[in-house]
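The values are calculated or read from the model by the stated rules, or taken from the named source; none is laboratory data. Predicted model only: the values in this text are computed from it and were never measured. All Cβ positions, glycine included, derive from the backbone under ideal geometry; neighbour counts span all protein chains shown. Surface accessibility is based on the protein's heavy atoms, side chains included, excluding ligands, DNA and RNA. Shrake-Rupley method; radii C 1.70, N 1.55, O 1.52, S 1.80 Å.
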Amino acid sequence: MVTVMAATAAERAVLEEEFRWLLHDEVHAVLKQLQDILKEASLRFTLTGSGTEGPAKQENFILGSCGTDQVKGVLTLQGDALSQADVNLKMPRNNQLLHFAFREDKQWKLQQIQDARNHVSQAIYLLTSRDESYQFKTGAEVLKLMDAVMLQLTRARNRLTTPATLTLPEIAASGLTRMFAPALPSDLLVNVYINLNKLCLTVYQLHALQPNSTKNFRPAGGAVLHSPGAMFEWGSQRLEVSHVHKVECVIPWLNDALVYFTVSLQLCQQLKDKISVFSSYWSYRPF
(Lines give C-alpha, C1' and ligand atoms only; values in the text may rest on other atoms or scores of the structure.)
Protein backbone atom coordinates (compact mmCIF):
# COMPACT_ATOMS: atom_id res chain seq x y z
CA MET A 1 0.00 0.00 0.00
CA VAL A 2 2.81 2.41 0.87
CA THR A 3 4.53 1.56 -2.41
CA VAL A 4 1.35 2.25 -4.39
CA MET A 5 0.81 5.56 -2.62
CA ALA A 6 4.43 6.53 -3.25
CA ALA A 7 4.04 5.68 -6.93
CA THR A 8 0.86 7.72 -7.10
CA ALA A 9 2.58 10.66 -5.43
CA ALA A 10 5.49 10.37 -7.85
CA GLU A 11 3.14 10.31 -10.84
CA ARG A 12 1.30 13.32 -9.50
CA ALA A 13 4.59 15.19 -9.06
CA VAL A 14 5.53 14.44 -12.68
CA LEU A 15 2.11 15.55 -13.92
CA GLU A 16 2.26 18.76 -11.91
CA GLU A 17 5.69 19.51 -13.36
CA GLU A 18 4.43 18.87 -16.89
CA PHE A 19 1.42 21.07 -16.25
CA ARG A 20 3.57 23.92 -14.94
CA TRP A 21 5.70 23.68 -18.07
CA LEU A 22 2.56 23.74 -20.22
CA LEU A 23 1.24 26.88 -18.45
CA HIS A 24 4.55 28.75 -18.32
CA ASP A 25 6.13 27.80 -21.66
CA GLU A 26 3.99 26.07 -24.23
CA VAL A 27 0.96 28.33 -23.78
CA HIS A 28 3.05 31.42 -24.57
CA ALA A 29 4.66 29.66 -27.53
CA VAL A 30 1.19 28.93 -28.96
CA LEU A 31 0.00 32.49 -28.28
CA LYS A 32 3.03 33.84 -30.17
CA GLN A 33 2.32 31.49 -33.08
CA LEU A 34 -1.31 32.61 -33.15
CA GLN A 35 -0.30 36.28 -33.14
CA ASP A 36 2.05 35.74 -36.08
CA ILE A 37 -0.61 33.92 -38.11
CA LEU A 38 -3.34 36.46 -37.38
CA LYS A 39 -1.06 39.40 -38.17
CA GLU A 40 -0.55 37.81 -41.59
CA ALA A 41 -4.32 37.45 -41.91
CA SER A 42 -4.79 41.08 -40.89
CA LEU A 43 -2.34 42.22 -43.56
CA ARG A 44 -4.53 40.56 -46.19
CA PHE A 45 -7.35 42.93 -45.25
CA THR A 46 -5.15 46.04 -45.40
CA LEU A 47 -3.31 45.66 -48.69
CA THR A 48 -1.64 49.01 -49.35
CA GLY A 49 -0.36 50.51 -52.54
CA SER A 50 3.22 50.87 -51.28
CA GLY A 51 4.85 49.99 -47.99
CA THR A 52 2.73 49.53 -44.88
CA GLU A 53 0.99 52.90 -44.90
CA GLY A 54 -1.24 54.79 -47.25
CA PRO A 55 -4.53 53.94 -48.96
CA ALA A 56 -5.33 50.37 -49.93
CA LYS A 57 -4.33 49.50 -53.47
CA GLN A 58 -6.97 49.07 -56.13
CA GLU A 59 -7.52 45.59 -57.53
CA ASN A 60 -9.56 44.88 -60.65
CA PHE A 61 -11.53 41.65 -60.90
CA ILE A 62 -13.29 40.37 -64.02
CA LEU A 63 -16.74 38.99 -63.36
CA GLY A 64 -17.62 35.69 -64.94
CA SER A 65 -19.96 32.72 -64.89
CA CYS A 66 -19.78 29.32 -66.54
CA GLY A 67 -23.53 29.33 -67.11
CA THR A 68 -24.25 32.68 -68.76
CA ASP A 69 -22.74 35.54 -70.69
CA GLN A 70 -25.72 37.82 -70.01
CA VAL A 71 -23.69 39.84 -67.50
CA LYS A 72 -20.08 40.87 -67.90
CA GLY A 73 -18.06 43.46 -66.08
CA VAL A 74 -15.19 44.52 -63.89
CA LEU A 75 -15.30 45.31 -60.18
CA THR A 76 -12.56 47.40 -58.55
CA LEU A 77 -11.89 46.52 -54.93
CA GLN A 78 -9.97 48.87 -52.66
CA GLY A 79 -9.58 47.34 -49.21
CA ASP A 80 -13.10 46.83 -47.87
CA ALA A 81 -14.81 49.02 -50.47
CA LEU A 82 -15.87 48.73 -54.08
CA SER A 83 -14.45 51.85 -55.65
CA GLN A 84 -15.73 51.14 -59.16
CA ALA A 85 -18.10 48.80 -60.95
CA ASP A 86 -18.44 48.59 -64.71
CA VAL A 87 -21.21 46.22 -65.77
CA ASN A 88 -22.76 45.23 -69.10
CA LEU A 89 -26.10 43.42 -69.16
CA LYS A 90 -27.55 41.79 -72.26
CA MET A 91 -31.33 41.76 -71.93
CA PRO A 92 -32.65 38.23 -72.61
CA ARG A 93 -35.69 39.15 -74.67
CA ASN A 94 -34.29 41.60 -77.21
CA ASN A 95 -30.49 41.31 -76.67
CA GLN A 96 -30.39 45.03 -75.91
CA LEU A 97 -27.10 45.88 -74.19
CA LEU A 98 -27.29 47.96 -71.00
CA HIS A 99 -24.19 49.53 -69.49
CA PHE A 100 -24.01 50.96 -65.98
CA ALA A 101 -21.12 52.01 -63.73
CA PHE A 102 -20.54 53.57 -60.33
CA ARG A 103 -20.66 57.32 -60.10
CA GLU A 104 -17.12 58.68 -59.73
CA ASP A 105 -17.86 60.18 -56.30
CA LYS A 106 -19.20 56.95 -54.82
CA GLN A 107 -17.75 53.90 -53.08
CA TRP A 108 -19.65 50.92 -51.68
CA LYS A 109 -18.48 49.53 -48.35
CA LEU A 110 -18.44 45.75 -48.12
CA GLN A 111 -19.55 45.33 -44.52
CA GLN A 112 -18.62 41.64 -44.50
CA ILE A 113 -14.95 42.40 -45.12
CA GLN A 114 -14.94 45.28 -42.64
CA ASP A 115 -16.53 43.11 -39.92
CA ALA A 116 -14.16 40.18 -40.54
CA ARG A 117 -11.17 42.50 -40.26
CA ASN A 118 -12.51 43.96 -37.01
CA HIS A 119 -12.94 40.48 -35.50
CA VAL A 120 -9.34 39.59 -36.46
CA SER A 121 -8.13 42.79 -34.79
CA GLN A 122 -10.07 41.90 -31.64
CA ALA A 123 -8.54 38.40 -31.58
CA ILE A 124 -5.05 39.90 -31.89
CA TYR A 125 -5.83 42.33 -29.06
CA LEU A 126 -6.90 39.45 -26.80
CA LEU A 127 -3.67 37.56 -27.54
CA THR A 128 -1.36 40.54 -27.03
CA SER A 129 -3.03 41.35 -23.70
CA ARG A 130 -1.22 38.28 -22.33
CA ASP A 131 2.43 38.93 -23.19
CA GLU A 132 5.36 36.66 -22.31
CA SER A 133 5.73 38.18 -18.84
CA TYR A 134 2.18 37.19 -17.93
CA GLN A 135 1.94 34.09 -15.72
CA PHE A 136 -1.11 31.88 -16.25
CA LYS A 137 -2.09 30.39 -12.91
CA THR A 138 -4.76 27.89 -13.94
CA GLY A 139 -5.79 25.93 -16.98
CA ALA A 140 -9.24 27.44 -16.72
CA GLU A 141 -7.69 30.84 -17.39
CA VAL A 142 -6.13 29.55 -20.61
CA LEU A 143 -9.38 27.93 -21.69
CA LYS A 144 -11.24 31.20 -21.13
CA LEU A 145 -8.75 33.08 -23.33
CA MET A 146 -8.89 30.43 -26.07
CA ASP A 147 -12.70 30.51 -26.05
CA ALA A 148 -12.67 34.30 -26.44
CA VAL A 149 -10.15 34.16 -29.32
CA MET A 150 -12.04 31.33 -31.04
CA LEU A 151 -15.29 33.29 -30.77
CA GLN A 152 -13.74 36.22 -32.65
CA LEU A 153 -12.19 33.95 -35.30
CA THR A 154 -15.44 32.06 -35.80
CA ARG A 155 -17.30 35.35 -36.23
CA ALA A 156 -14.67 36.56 -38.71
CA ARG A 157 -14.98 33.37 -40.74
CA ASN A 158 -18.78 33.38 -40.59
CA ARG A 159 -18.94 36.93 -41.94
CA LEU A 160 -17.19 35.73 -45.10
CA THR A 161 -18.89 32.35 -45.42
CA THR A 162 -22.46 33.38 -44.54
CA PRO A 163 -23.83 36.26 -46.64
CA ALA A 164 -26.81 38.15 -45.27
CA THR A 165 -30.26 36.93 -46.25
CA LEU A 166 -32.16 39.91 -47.65
CA THR A 167 -35.72 40.37 -48.83
CA LEU A 168 -36.27 41.89 -52.25
CA PRO A 169 -37.64 45.13 -50.72
CA GLU A 170 -34.44 45.37 -48.64
CA ILE A 171 -32.36 45.02 -51.81
CA ALA A 172 -34.55 47.62 -53.54
CA ALA A 173 -34.09 50.04 -50.62
CA SER A 174 -30.32 49.53 -50.52
CA GLY A 175 -28.11 52.48 -51.33
CA LEU A 176 -26.32 50.26 -53.85
CA THR A 177 -29.13 50.84 -56.34
CA ARG A 178 -28.36 54.57 -56.27
CA MET A 179 -24.63 54.16 -56.90
CA PHE A 180 -24.83 53.93 -60.66
CA ALA A 181 -24.69 56.36 -63.55
CA PRO A 182 -26.80 56.29 -65.55
CA ALA A 183 -29.34 55.32 -62.92
CA LEU A 184 -30.51 51.72 -62.97
CA PRO A 185 -33.78 51.12 -64.80
CA SER A 186 -36.72 50.62 -62.46
CA ASP A 187 -37.01 46.98 -63.52
CA LEU A 188 -33.50 46.06 -62.31
CA LEU A 189 -32.13 45.30 -58.86
CA VAL A 190 -28.48 44.70 -58.01
CA ASN A 191 -26.87 43.04 -54.99
CA VAL A 192 -23.20 42.54 -54.12
CA TYR A 193 -21.86 40.25 -51.40
CA ILE A 194 -18.97 38.04 -50.32
CA ASN A 195 -19.36 34.26 -50.29
CA LEU A 196 -16.26 32.43 -49.04
CA ASN A 197 -13.43 33.73 -51.23
CA LYS A 198 -15.68 35.11 -53.96
CA LEU A 199 -17.11 38.53 -54.68
CA CYS A 200 -20.59 38.00 -56.13
CA LEU A 201 -22.79 40.31 -58.19
CA THR A 202 -26.45 39.45 -58.73
CA VAL A 203 -28.73 41.27 -61.15
CA TYR A 204 -32.49 40.75 -60.86
CA GLN A 205 -34.78 41.61 -63.76
CA LEU A 206 -38.33 42.41 -62.71
CA HIS A 207 -41.73 42.77 -64.26
CA ALA A 208 -44.87 44.28 -62.80
CA LEU A 209 -47.81 42.06 -61.93
CA GLN A 210 -51.01 43.43 -63.39
CA PRO A 211 -53.83 44.19 -60.93
CA ASN A 212 -56.02 41.63 -62.72
CA SER A 213 -53.31 38.94 -62.61
CA THR A 214 -54.56 35.50 -61.69
CA LYS A 215 -51.27 34.65 -60.00
CA ASN A 216 -51.48 34.03 -56.29
CA PHE A 217 -49.38 36.85 -54.84
CA ARG A 218 -47.03 35.50 -52.22
CA PRO A 219 -44.19 37.80 -51.06
CA ALA A 220 -40.83 36.06 -50.91
CA GLY A 221 -38.91 35.97 -47.65
CA GLY A 222 -35.24 36.69 -47.12
CA ALA A 223 -32.63 34.85 -49.18
CA VAL A 224 -29.01 35.15 -50.28
CA LEU A 225 -30.09 34.46 -53.87
CA HIS A 226 -33.69 34.82 -55.01
CA SER A 227 -35.11 32.67 -57.82
CA PRO A 228 -37.21 33.63 -60.83
CA GLY A 229 -40.83 33.81 -59.77
CA ALA A 230 -40.08 35.46 -56.42
CA MET A 231 -42.61 38.21 -55.70
CA PHE A 232 -42.58 41.36 -53.62
CA GLU A 233 -44.38 44.62 -53.13
CA TRP A 234 -42.57 47.92 -53.67
CA GLY A 235 -44.46 51.16 -53.28
CA SER A 236 -47.83 50.65 -54.89
CA GLN A 237 -46.60 47.94 -57.25
CA ARG A 238 -46.47 44.19 -57.04
CA LEU A 239 -43.40 42.86 -58.81
CA GLU A 240 -42.02 39.48 -59.82
CA VAL A 241 -38.46 38.40 -60.61
CA SER A 242 -38.34 37.28 -64.23
CA HIS A 243 -34.60 36.61 -64.64
CA VAL A 244 -31.64 36.21 -62.28
CA HIS A 245 -28.04 36.71 -63.39
CA LYS A 246 -25.23 35.88 -60.98
CA VAL A 247 -21.58 36.45 -61.76
CA GLU A 248 -18.57 36.25 -59.47
CA CYS A 249 -14.81 36.56 -59.18
CA VAL A 250 -12.28 34.95 -56.84
CA ILE A 251 -10.46 37.23 -54.38
CA PRO A 252 -7.18 35.37 -53.67
CA TRP A 253 -6.39 37.15 -50.40
CA LEU A 254 -9.80 36.25 -48.97
CA ASN A 255 -8.89 32.61 -49.55
CA ASP A 256 -5.61 33.21 -47.68
CA ALA A 257 -7.50 34.78 -44.78
CA LEU A 258 -9.91 31.82 -44.52
CA VAL A 259 -6.96 29.40 -44.40
CA TYR A 260 -5.37 31.47 -41.61
CA PHE A 261 -8.65 31.39 -39.67
CA THR A 262 -8.85 27.59 -39.97
CA VAL A 263 -5.24 27.04 -38.89
CA SER A 264 -5.65 29.42 -35.94
CA LEU A 265 -8.86 27.74 -34.77
CA GLN A 266 -7.10 24.36 -34.92
CA LEU A 267 -4.20 25.67 -32.82
CA CYS A 268 -6.61 27.05 -30.23
CA GLN A 269 -8.48 23.75 -30.05
CA GLN A 270 -5.26 21.73 -29.73
CA LEU A 271 -4.14 23.89 -26.80
CA LYS A 272 -7.57 23.52 -25.17
CA ASP A 273 -7.34 19.73 -25.57
CA LYS A 274 -3.92 19.62 -23.91
CA ILE A 275 -5.17 21.69 -21.00
CA SER A 276 -8.30 19.55 -20.66
CA VAL A 277 -6.28 16.33 -20.43
CA PHE A 278 -5.09 17.43 -17.00
CA SER A 279 -8.62 17.99 -15.76
CA SER A 280 -9.13 14.23 -15.59
CA TYR A 281 -6.30 14.03 -13.05
CA TRP A 282 -7.51 16.94 -10.95
CA SER A 283 -11.22 16.60 -11.37
CA TYR A 284 -11.82 17.37 -7.70
CA ARG A 285 -10.15 20.79 -7.79
CA PRO A 286 -9.80 23.70 -10.24
CA PHE A 287 -7.05 23.02 -12.73
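Across the options M91, F136, L126, the greatest Cα extent toward the positive end of the charge dipole of region 87-142 (unit charges at beta carbon of Lys, Arg, Asp, Glu) belongs to M91. Straight-line cross-link reach from K32 at under 18 Å between alpha-carbon atoms covers these lysines, not counting any fewer than eight positions away in the same chain: K144, K272, K274. Full extension of the chain between H207 and V277 yields a length gain of 19.0 nm, computed as 0.36 nm times the residue separation minus the alpha carbon distance.
The gain in end-to-end length when the R130 to T46 segment is fully stretched comes to 27.8 nm, 0.36 nm per residue minus the alpha carbon separation. A DSSP coil position with no more than 16 other Cβ atoms inside 10 Å describes none of the GluC sites (Glu not before Pro) in region 184-272. Here the accessible area is traced with a 1.4 Å probe on the protein chains. For the chain, carbon and sulfur cover 53 percent of it. Between region 142-176 and region 28-44, the alpha-carbon centres lie 21 Å apart. Full extension of the chain between S121 and I62 yields a length gain of 18.3 nm, computed as 0.36 nm times the residue separation minus the alpha carbon distance. Which label belongs to the value computed from this structure, given these candidates for Cα Rg over 2.2 N^0.38 Å: (i) 1.07; (ii) 1.03; (iii) 1.40? After the calculation, the listed value that fits is (iii). Dipole size of the chain about its Cα centre, with +1 on Lys/Arg Cβ and -1 on Asp/Glu Cβ: approximately 820 debye, rounded to the nearest 20. 3J(HN,Hα) along region 145-152, derived from phi through the Karplus expression 6.51 cos²θ - 1.76 cosθ + 1.60 where θ = phi - 60°, amounts to 5, 4, 4, 5, 5, 5, 4, 5 Hz, with x in place of Gly and Pro. Scan region 122-190 for GluC sites (Glu not before Pro) in coil per DSSP, keeping those whose Cβ has at most 14 other Cβ atoms within 10 Å, and list them by number. Of the GluC sites (Glu not before Pro), the ones in loops of region 122-190 whose Cβ has at most 14 other Cβ atoms within 10 Å are E132.
Averaged over its residues, the chain has an accessible area of 54 Å² per residue, based on protein heavy atoms and a 1.4 Å probe.
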